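K.L.:
Below is one structure. I have some questions about it.
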Amino acid sequence: MADQRFSERLVHAMGRAGMKQADLIHAAALRGKKLGKSQVSQYASGKTVPRRDVMELLAALLGVDARWLASGEGRLAAPDTAEDGSTYQGGTAMRPVDDAERDGGAMPSAAESARASARPATAPQAPASMRSNSGSTTMRQFNKSSKLDNVLYDVRGPVADEAARMEDEGLRILKLNIGNPAPFGFRTPDEVVQDMRQQLPDCEGYSDSRGLFSARKAIMQYAQIKGLPNVSMDGIYTGNGVSELIQLCMNALLDTGDEILIPSPDYPLWTACATLAGGTPVHYICDEQAEWNPDIDDIERKVTERTKAIVIINPNNPTGAVYPREILEQIVEVARRHQLMIFSDEIYDRLCMDGVEHTSIASLAPDLPCVTFSGLSKSHMIAGYRIGWMILSGNRRCMRDFVYGINMLSNMRLCSNVPAQSIVQTALGGHQSVKGYVVPGGRVYEQRNFVYERLNAIDGITAVKPKAAFYIFPKMDVKKFNITDDEQFALDLLHEKRILITRGGGFNWGEPDHFRIVYLPRMEVLREAMDDLADFFEHYRQS
């Protein structure tokens, strides 16, 4: 757990300097340094503590002593102050430090400082050197919405920001943090590309807000094959990837304070979208000892009178689990007993291995309101085309008003990417080239096996074998490696071995003991990466 007292000192110093988070980022850029938005947000919220070099940068920008900022020891003020006792940072005059502060006296809490900084105030007078010829002062800062304060998306977060900085310096980084097939040599089927080219002249205008007839018809037929009940054309919506549709659904459903059950670990977009919509994400545990299947008792315990829906991610990202039919039936029973809507993220349903059959939970719940999500990004290796869909099924009478909201939001964005919609019919029909990747001898299958075996051969690392998707979610022995901060672990690995992974906390996992690896690179790259990981863990101890 990050030091909350550091957060309080940081927010106090920012208030004292008249600086917001955006000011810090801008001031760092003026010095040729990079601070990411989510990076600073996590420091200010107490979720993580910066490395020493970043701590010194923050102290310099805020005009405070780095030792005080890091530990609360020593003097608050930085050594070089002006004759009147004030300091200048970014053109803002800071008031002199009083005796109570010098002596380590009481400071306002982070919440008090945040409230104080939110009050309307006259902007501080800039020094003459900062004024333009016309006599005007620098423009006021426009900060991000406070709605983003508790939003997390570490797949592209502070550690990825640091990797980008290192790349800017000319270093090569192996990116095992995101499931993006194209950079690793997975190609879109030729037929799909050819059909898009053929149809481009017909895709210049908006489509129906739900999507092209041909695309929705193909999706409806796919839903029928999967056994989804009560599906019709007006209950199918295309989106710019599944991500857009998740956000659309959360905004259409959740009022402030409504609760929604989301798995832990999760794909963090679900938690982020629920939070931004004003809802309260409540995480239920997926049990590593039971092959990462949802803990039904934990789900039951976490249902309250405010719970509106339950999310399942099946096949799961980040664990690669595929839920058996009996587990899905138990989830349906919980949803039925408590009258919950079911959201099922099934984007990896065509990437199952070892003969495992995927079951859509909506096929087991004809009497419940269900929304099922899928798309072509992963199954057809076309993540950049941004084409996904959602299917409303089951008891649609009880979600009429929700559908009204869906239609309103869908109309507001006009439509999803029309050229990408044009290839849905081609992609879902005929030969499915992805099947060759997930059988013995196929790239995904063989790379999955290799990474699974090599990780489990490392002393202090264990991993459950994924049954689908591109990911594995290994566990670290935190006592052996003295790990208390998984973001620091990810940064240490990045700096030493130039390997970028996503920490377990980035998937709303509560302990600092997991990380996710993408096993899409070719075997020779994975072999080198596993050698580097084994060497890293042989000596790693977090300080």
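K.L.:
Spin-label point model (7 Å from Cα, Cβ direction): what's the His539 to Ser71 distance in nm?
P.N.:
2.6 nm
K.L.:
When the Kirkwood hydrodynamic radius is evaluated over all pairs of different C-alpha atoms of region 488-543, what value in angstrom, to one decimal, is obtained? Kindly include the intermediate steps, with their values, before the conclusion.
P.N.:
Details: mean 1/r = 0.0827 Å⁻¹.
The answer is 12.1 Å.
K.L.:
Could you check the spin-label model distance between Leu171 and Asn456? Points 7 Å from the Cα along Cα→Cβ, value in nm.
P.N.:
3.3 nm
K.L.:
How would you rank 263-270, 317-324, 142-149, highest first, on the average number of other Cβ atoms within 10 Å across their residues?
P.N.:
Values: 263-270: 23.0, 317-324: 25.5, 142-149: 11.4.
Taking the mean over residues of other Cβ atoms within 10 Å, the ranking is 317-324, 263-270, 142-149.
K.L.:
Further, regarding this structure: So for the chain, considering every pair of alpha-carbon atoms, how many percent are separated by more than 47 Å?
P.N.:
Numbers: 27193 of 147153 pairs.
Within the chain, distances greater than 47 Å cover 18 percent of Cα pairs.
K.L.:
Additional query: As I understand it, the value is the acute angle between the Cα axis of helix 325-338 and the longest principal axis of the Cα atoms of the chain; what does it come to in degrees, rounded to 10?
P.N.:
Around 70 degrees separate the two axes.
K.L.:
How far, in degrees from 0 to 90, does helix 4-17 lean away from the longest principal axis of the Cα atoms of the chain, to the nearest 10?
P.N.:
60 degrees
K.L.:
Please compute, for the alpha-carbon atoms of region 202-241, the extent along each of the three principal axes and give them in descending order in Å.
P.N.:
34, 18, 15
K.L.:
In square angstrom, what is the accessible area per residue of the chain with a 1.4 angstrom probe? If you can, show how the numbers build up before the last one.
P.N.:
Numbers: 24370 Å² over 543 residues.
Accessible area per residue, the chain: 45 Å².
K.L.:
Rounded to whole Å and sorted largest first, what semi-axes of the equivalent ellipsoid does the C-alpha gyration tensor of region 450-496 yield via the square root of 5 times each eigenvalue? Don't skip to the answer; put the middle values down first.
P.N.:
Numbers: eigenvalues 86, 34, 20 Å².
For region 450-496, the semi-axes come out at 21, 13, 10 Å.
K.L.:
Going by Cα centres, region 266-308 and region 373-415 are how many Å apart?
P.N.:
Spelled out, the Cα-based centre of one part sits 21 Å from the other.
K.L.:
Which whole number in µm²/s is D for region 410-542 by Stokes-Einstein, with the Kirkwood Rh taken over Cα pairs at 20 °C and 1.002 mPa s? Don't jump to the answer; show the numbers that get you there.
P.N.:
Numbers: Rh = 17.0 Å.
In µm²/s, the coefficient is 126.
K.L.:
At 0.36 nm per residue, and after removing the present C-alpha to C-alpha distance, how many nm does the segment from Val356 to Cys203 gain when stretched out fully? Walk me through the intermediate numbers first.
P.N.:
Values: separation 153, 0.36 × 153 = 55.08 nm, distance 3.79 nm.
Full extension from Val356 to Cys203 adds 51.3 nm.
K.L.:
Sticking with this structure for a sec: When the helices in the chain are scored as -39500 (n - 2.57) per DSSP H run of 4 or longer and the sum is shared across all residues, what 222 nm value do you end up with, to the nearest 500 deg cm²/dmol? Before the final figure, lay out the partial values.
P.N.:
Details: 21 runs with 209 residues, N = 543.
The per-residue figure over the chain is -11500 deg cm²/dmol.
K.L.:
Now, a different point. Please return the longest range in the chain lying between exposed loop sites, taking GluC sites (Glu not before Pro), DSSP loop only, at most 16 other beta-carbon atoms within 10 Å, and leaving the sites out. Working shown, then result.
P.N.:
Working: sites that count: Glu73, Glu83, Glu169, Glu204, Glu305, Glu357.
With GluC sites (Glu not before Pro) excluded where exposed in loops, the chain gives 358-543 as its longest stretch.
K.L.:
Here is a follow-up. For region 267-307, take the alpha-carbon Rg, divide it by the Kirkwood Rh, and send me Rg/Rh.
P.N.:
Details: Rg = 11.9 Å, Rh = 11.4 Å.
For region 267-307, the value is 1.04.
K.L.:
Mind checking which of Ala365, Val159, Asn230 is farthest towards the positive end of the chain's charge dipole, using Cβ charges of +1 (Lys, Arg) and -1 (Asp, Glu) about the Cα centre?
P.N.:
Asn230
K.L.:
Apply 1/(1 + (r/R0)^6) to the Cβ-Cβ distance of Arg336 and Asn143, taking R0 = 30 Å, and write down the FRET efficiency to the nearest 0.05.
P.N.:
On the way: r = 45 Å, r/R0 = 1.49.
Here the calculated transfer efficiency is 0.10.
K.L.:
Obtain the nm distance between the two label points defined at Lys479 and Lys37 by a simple spin-label model: each point lies 7 Å from its Cα along the Cα-to-C-beta direction.
P.N.:
With each label placed 7 Å out from Cα toward Cβ, I get 4.3 nm.
The values are calculated or read from the model by the stated rules, or taken from the named source; none is laboratory data. What you are looking at is a predicted structure, and each value in this text was computed from that prediction instead of being measured. Note that we place each Cβ from the backbone using ideal geometry, even for glycine, and neighbour counts take in every protein chain shown. Each accessible area value is taken on the protein alone, full model and side chains, heavy atoms only, with ligands, DNA and RNA left out. Shrake-Rupley method; radii C 1.70, N 1.55, O 1.52, S 1.80 Å.
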